[in-house]
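Heads up, the thing below is written out as structure tokens.
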């Protein structure tokens, strides 16, 4: 997963203006959307990522969502780059990190089968694609869950994966002086 995240281009805590989204040299903005439900065990994985990103100083670009597709799409109107984080249920080993670039193909709907959202992430992305409403760059990172039953707290492998993903994002954040800031390598260069 380390090749997915590279140079978020937002200033670490204490640098820059935390009230505004990160801007690159062309005025583009970044939004990190974390989707989930803390009361459905591993469905809250992305929200744990959000907590860690806020604690690491990226609070100005991190937003939490329940996964209502229309709300996700509405947020895309104001940004150029989106990193969307959600839980997945594909049958892979819990804690597996998946990466999707919706501009390269459709999202597998069965990855989000246990989603609590009726019109959720996959549907929003595909509808926005058809309507021409996707942001110029969007990457979806999904953390494979193992337990989606009622209750709070992540299972151990999912908690470790959420921490690993958040740490990768935080370790790659930078505030380069006099250079165009990269956002996420794949958001910056979709051909990767």
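The values are calculated or read from the model by the stated rules, or taken from the named source; none is laboratory data. Not measured: the values here are computed from a predicted model. Every residue, glycine as well, gets a Cβ built from its backbone with ideal geometry; the counts of neighbours run over all protein chains shown.
Selection over the stretch 77-96 of residues that are surrounded by fewer than 21 Cβ atoms within 10 Å (Cβ to Cβ) and farther than 24 Å from residue 145 by Cβ gives a count of 4.
Screening residue 174 against (1) closer than 27 Å to residue 41 by Cβ; (2) modelled with pLDDT under 70 leaves a single unmet condition, (1). Taking every residue in the stretch 161-179 that is part of a loop (DSSP other than H, G, I, E, B) and pairing it with any residue that is modelled with pLDDT of 50 or more, at least 6 positions away or on another chain, the pairs with Cβ-Cβ distances below 8 Å are 173/56; 173/57; 173/58. Residues in the stretch 34-90 that are touching a residue at least 60 places away in the same chain (Cβ under 8 Å), over 17 Å from residue 107 (Cβ atoms) and in a strand (DSSP E or B): 40, 81.
If the condition is being in contact with a strand residue (DSSP E or B) (Cβ under 7 Å, 6 or more places away or on another chain), buried (at least 17 other Cβ atoms within 10 Å of the Cβ) and over 26 Å from residue 163 (Cβ atoms), then the stretch 47-76 contributes only 76.
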